[in-house]
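K.L.:
Mind having a look at this structure? Questions to follow.
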Amino acid sequence: MTARSGSTRGGNTRSGNTRGGDTRPVDTRAVNALAGNSLAGSAPTGSASTGSASIGSAPGGGAPVIEVRELRKTYGSGDTAVHALRGLDLVVERGEYLAIMGASGSGKSTLLNVLGCLDIPTSGRYLIDGIDTSEFGEAQLGLLRNRKIGFVFQSFNLIPRTTALANVELPLVYAGVRRAERRARSMAALRMVGLEDRAGHRPNELSGGQQQRVAIARALVTGPAIVLADEPTGNLDTHSSQEVMGILDRLHASGRTVVLITHEDDVAAHARRVIRVVDGQIVESRTAWGVPA
Amino acid sequence: MRFTEILAFAVRGVTANKLRSALTTLGIMIGVASVILLIAVGNGASQSVQQSIAGLGTNILTVSPQRAQAGSTTKPLTVADATALADPVEAPAVKSASPVVSASATASHAATSYSVQQFIGTDPAYFGTTNSEVAQGALFSTDDVRQGRKVVVIGATVATQLFPSSQPVGQSILVNNIPFTVVGVLATKGSSGLQDADDIAVAPLSTVQNALAGYGSLSQIVVQATSADKLADAQAQVTTILDGRHKIGYGQTADYRVLSQEQLLSARTATTDTFTVLLASVAAISLLVGGIGVTNIMLVTVTERIREIGIRKAVGARRGSILGQFLLEATMLSLFGGALGVAAGFIGSGFTIAGITPVVVPSSVLLAFAVSALIGLFFGSYPASRAARLRPIEALRHE
Ligand SMILES: Nc1ncnc2c1ncn2[C@@H]1O[C@H](COP(=O)(O)OP(=O)(O)O)[C@@H](O)[C@H]1O
Ligand SMILES: [Mg+2]
């Protein structure tokens, strides 16, 4: 795997530098700085190899890539209110490989959706690379999702009747990447998940495992710092699960921060750290070798 | 994000689900086409009525019986009334007054039989009054009327029905089983809206009364004024004479009425206007039904589309890009469906429908197109605009 080009590294450094005070005005510039790591002015040299490119080593500064403080999420109100997250704290360092486990309904997905900026918490703070997202508006969150985060769903969530290539290209289109480069980078991402020869297939022409690999290609095509996966193997057979986990392992090895939810111990065993969520709070955090973290 | 990218998404969205796109287009097309066509039919009907009435001439009065007030007796219109109206001293403005009886009659020749729309008995002056010209043979004469000869002059429609391949003049036809000799064929006049003016047979008054209609009241007296300027005078004279003969006192409702062509025209126009309004409401309903069809299709697929919106938002699409895409999709489908509908409406208007030649009303084209396009646009983009406002996870979870 090739190391990412200098401009990418520069972007990361820039975002590291913008960290600082606790409160700062939130504007699009902050997001652009955040997003700068992968796409803004991405060098064409990286394009052919982006799919398998490493994000490089973590920049100096040492701010955790994810920092969550007193996170609460309540669905509904009054008597019927469901407290899915109850003051949860979590820090994920750059380049970590983290598995979230816990009973069904314990709040894992809710947490991951907040981390992926797909949902907003009822209260609490969420900092990405040290920048507080709580005041971000709709457009800024969209930019974050596009540039900074790759999300993999249990149910794949590919656009139906649309080719694998077009699905993978989607984030790049919204990022404003030109057609030729888009094509090259999407093909590289498909190559990384081993589906180069299926680029023209529609989701209904692909197996579950293949669909999930297309979804992963879509998640990594922008070269995001964070890859979040909500039970990525939940709908897959053992063989497909192993393929998918192999891809996530390589993403981690290339320096990306990977957070995944799973019910299965052997899937969690891929991670370097496992946290357990019970009733919207983290009750246990240990390394994959059973040592309390 | 560039417009061309959004356009490409929209084109892909339209072509990805061909059935949905086709059904949406079809719904809009049917709505537009039926509005254009039905209004064109109504318009065509009223135009031909006006033309045919205008063609009759402007110096004609029609006297027809009408039921008198309760209490007073209704006297029939008689041949004597007609003769009195033609009196040059009492009614100097009247040129001629033709008594008319009409009967329902089935005419047959050889194996063919045909139910004639208007079978009337009158005198020869009637032909001049109604601008009827003979195309073949001759008209019947005053002598024929006096003698009660069984001769008949037939209109073009009757001629082609009974004599598809032979010459009618001189042949014998059976009218309600009574033999008549065809002496002439009238020149064609065309359709007068709902009624074919060539679907007519004219025979001497005395003959028709004797053989078919009986000696009751006349159906009409057709009065011709000496000139168009004298029409009002003629109407006054006719009224005076008939009031005297029928003993209608001042302020009483007469047992007859006198209408000029102009009055007849407005009465008929009112009828066809009602007809047009009726057709227009049918058209409006079909537009509505088409609209509901479009709405249905849009709503059925909306769950899938809202998930798609969720996916797009999850990978960083802006609300504006999503709105733009869905608005463009709806615009394409609406415009395409609308254009097809206009084309179908125009093509359909080229055919004669129930004897009426449709005449397209330009404003109806505009109206139909605008309304259906708006329906398509609204239902194509409104659910999308609501979904675009959701958080990605809400859109993804939509059921
Ligand atoms: N959209 C929602 N509306 C209401 N309650 C919800 C919603 N999503 C999740 N919940 C509730 O929040 C709790 C946590 O859900 P979730 O995060 O999906 O759990 P997990 O992924 O750990 O199984 C559950 O009790 C669930 O019923
Ligand atoms: Mg879950």
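The values are calculated or read from the model by the stated rules, or taken from the named source; none is laboratory data. If you're wondering where the values come from, they're calculated on a predicted model, not measured in any experiment. Heads up, the Cβs are rebuilt from the backbone with ideal geometry, glycines too, and the neighbour counts pull from every protein chain shown. Keep in mind that these areas ignore ligands, DNA and RNA; they rest on the heavy atoms of the full protein, side chains included. Shrake-Rupley method; radii C 1.70, N 1.55, O 1.52, S 1.80 Å.
K.L.:
Could you figure out which of (1) within 16 Å of ligand 1 (Cβ to nearest atom); (2) touching a residue at least 24 places away in the same chain (Cβ under 8 Å); (3) open to solvent by 30 Å² or more (accessible area, probe 1.4 Å) isn't true of A:Ser207?
P.N.:
(1)
K.L.:
May I ask you to say which residue of B:Lys313, B:Lys230, B:Lys247 is assigned by TED's automatic domain parsing to the domain that holds B:Val359, among the charged types (D, E, K, R) and out of contact with any Cys (no Cβ under 9 Å at 6 or more places or on another chain)?
P.N.:
So the residue among B:Lys313, B:Lys230, B:Lys247 that is assigned by TED's automatic domain parsing to the domain that holds B:Val359, among the charged types (D, E, K, R) and out of contact with any Cys (no Cβ under 9 Å at 6 or more places or on another chain) is B:Lys313.
K.L.:
Right, another one. Which residue is most open to solvent (accessible area, probe 1.4 Å), if the candidates are limited to the stretch B:116-129 and must be closer than 13 Å to B:Gly155 by Cα and polar (S, T, N, Q)?
P.N.:
Restricting to residues being closer than 13 Å to B:Gly155 by Cα and polar (S, T, N, Q), the top hit is B:Gln117.
K.L.:
State all residues of the stretch A:73-109 that are within 16 Å of ligand 2 (Cβ to nearest atom) and in a loop (DSSP other than H, G, I, E, B); if no residue qualifies, say none.
P.N.:
A:Ala103, A:Ser104, A:Gly105, A:Ser106, A:Gly107 - these are the residues of the stretch A:73-109 that are within 16 Å of ligand 2 (Cβ to nearest atom) and in a loop (DSSP other than H, G, I, E, B).
K.L.:
Here are the criteria: (1) on the phi < 0 side of the Ramachandran plot; (2) open to solvent by 20 Å² or more (accessible area, probe 1.4 Å); (3) in contact with a helix residue (DSSP H, G or I) (Cβ under 9 Å, 6 or more places away or on another chain); (4) not hydrophobic (A, V, I, L, M, F, W, C). Tell me which single one A:Thr122 does not satisfy.
P.N.:
For A:Thr122, the exception is condition (3).
K.L.:
Going through A:Leu127, A:Leu112, A:Leu170 one at a time, which residue ends up being touching a strand residue (DSSP E or B) at 6+ places or on another chain (Cβ under 6 Å) and in a helix (DSSP H, G or I)?
P.N.:
After applying the criteria, what remains is A:Leu112.
K.L.:
With respect to A:Ser134, determine if the residue is assigned to a loop (DSSP other than H, G, I, E, B) and either within 14 Å of chain B (Cβ to nearest Cβ) or within 12 Å of ligand 2 (Cβ to nearest atom) (or both).
P.N.:
no
K.L.:
Given the residues B:Asp243, B:Asp229, which is the only one that is loosely packed, with under 14 Cβ neighbours inside 10 Å, more than 19 Å from B:Ser102 (Cβ to Cβ) and of a type in the set (D, E, K, R)?
P.N.:
B:Asp229
K.L.:
Among the residues of the stretch A:140-154, is there at least one that is small (Gly, Ala, Ser) and either open to solvent by 40 Å² or more (accessible area, probe 1.4 Å) or more than 13 Å from every other protein chain (Cβ to nearest Cβ) (or both)?
P.N.:
no
K.L.:
Answer with yes or no whether B:Asp144 is touching a Gly at 6+ places or on another chain (Cβ under 6 Å) and not hydrophobic (A, V, I, L, M, F, W, C).
P.N.:
No.
K.L.:
If you don't mind, there's one more thing I want to ask. Within the stretch B:298-333, track down each residue that is of a type in the set (Asp, Glu) and over 25 Å from A:Leu141 (Cα atoms).
P.N.:
Scanning the stretch B:298-333 gives a single hit, B:Glu329.
K.L.:
Which one of the conditions (1) part of a helix (DSSP H, G or I); (2) more than 26 Å from A:Phe156 (Cα to Cα); (3) open to solvent by 70 Å² or more (accessible area, probe 1.4 Å) does B:Arg307 fail to meet, given that it meets all the rest?
P.N.:
(2)
K.L.:
Filter the stretch A:99-118 down to the residues that are within 12 Å of chain B (Cβ to nearest Cβ) and either of a type in the set (Gly, Ala, Ser) or near ligand 1 (Cβ under 6 Å from one of its atoms) (or both) and list them by number.
P.N.:
Correct list: A:Ser109, A:Thr110, A:Gly116.
K.L.:
Working carefully through the options B:Leu327, B:Leu323, B:Leu335, find the one that is assigned to a helix (DSSP H, G or I), farther than 14 Å from B:Leu38 by Cβ and within 14 Å of chain A (Cβ to nearest Cβ).
P.N.:
It is B:Leu323.
K.L.:
Working only within the stretch B:130-147, note down all residues that are surrounded by 15 or more Cβ atoms within 10 Å (Cβ to Cβ) and at positive phi.
P.N.:
B:Gly137
K.L.:
Same structure, new question: Going through B:Ile347, B:Ile356, B:Ile375 one at a time, which residue ends up being without any contact (Cβ under 8 Å) to a residue 24 or more places away in the chain and either touching an Asp or Glu at 6+ places or on another chain (Cβ under 6 Å) or in the same structural domain as B:Thr295 (by TED's automatic domain parsing) (or both)?
P.N.:
One residue alone meets the criteria, B:Ile347.
K.L.:
Pick from the stretch A:210-243 the residues that are of a type in the set (S, T, N, Q) and within 16 Å of ligand 1 (Cβ to nearest atom): which of them is least open to solvent (accessible area, probe 1.4 Å)?
P.N.:
A:Thr233
K.L.:
A follow-up question, please. Being among the basic types (Lys, Arg), assigned to a helix (DSSP H, G or I) and surrounded by fewer than 20 Cβ atoms within 10 Å (Cβ to Cβ) is true for just one of A:Arg161, A:Arg183. Which residue is that?
P.N.:
Just a single option satisfies the conditions, and that option is A:Arg183.
K.L.:
Mind listing whichever residues of the stretch A:119-129 are within 16 Å of ligand 1 (Cβ to nearest atom) and over 16 Å from B:Leu396 (Cα atoms)?
P.N.:
A:Pro121, A:Thr122, A:Ser123, A:Gly124, A:Tyr126
K.L.:
Looking at B:Gln263, B:Gln252, B:Gln235 in this structure, which one is in contact (Cβ under 8 Å) with a residue 24 or more places away in the chain, of a type outside the set (A, V, I, L, M) and surrounded by fewer than 16 Cβ atoms within 10 Å (Cβ to Cβ)?
P.N.:
B:Gln252
K.L.:
For the stretch B:139-154, does any single residue satisfy the condition of being within 26 Å of the chain's Cα centre (by Cα), at pLDDT below 90 and under 29 Å from B:Thr239 (Cβ atoms)?
P.N.:
No, there is no match, as no residue in the stretch B:139-154 is within 26 Å of the chain's Cα centre (by Cα), at pLDDT below 90 and under 29 Å from B:Thr239 (Cβ atoms).
K.L.:
To continue, here is another question. Can you name every residue in the stretch B:348-385 that is open to solvent by 70 Å² or more (accessible area, probe 1.4 Å) and polar (S, T, N, Q)?
P.N.:
B:Thr352, B:Thr357, B:Ser363
K.L.:
For the stretch A:137-158, give me each residue that is among the aliphatic types (A, V, I, L, M) and assigned to a loop (DSSP other than H, G, I, E, B).
P.N.:
A:Leu158
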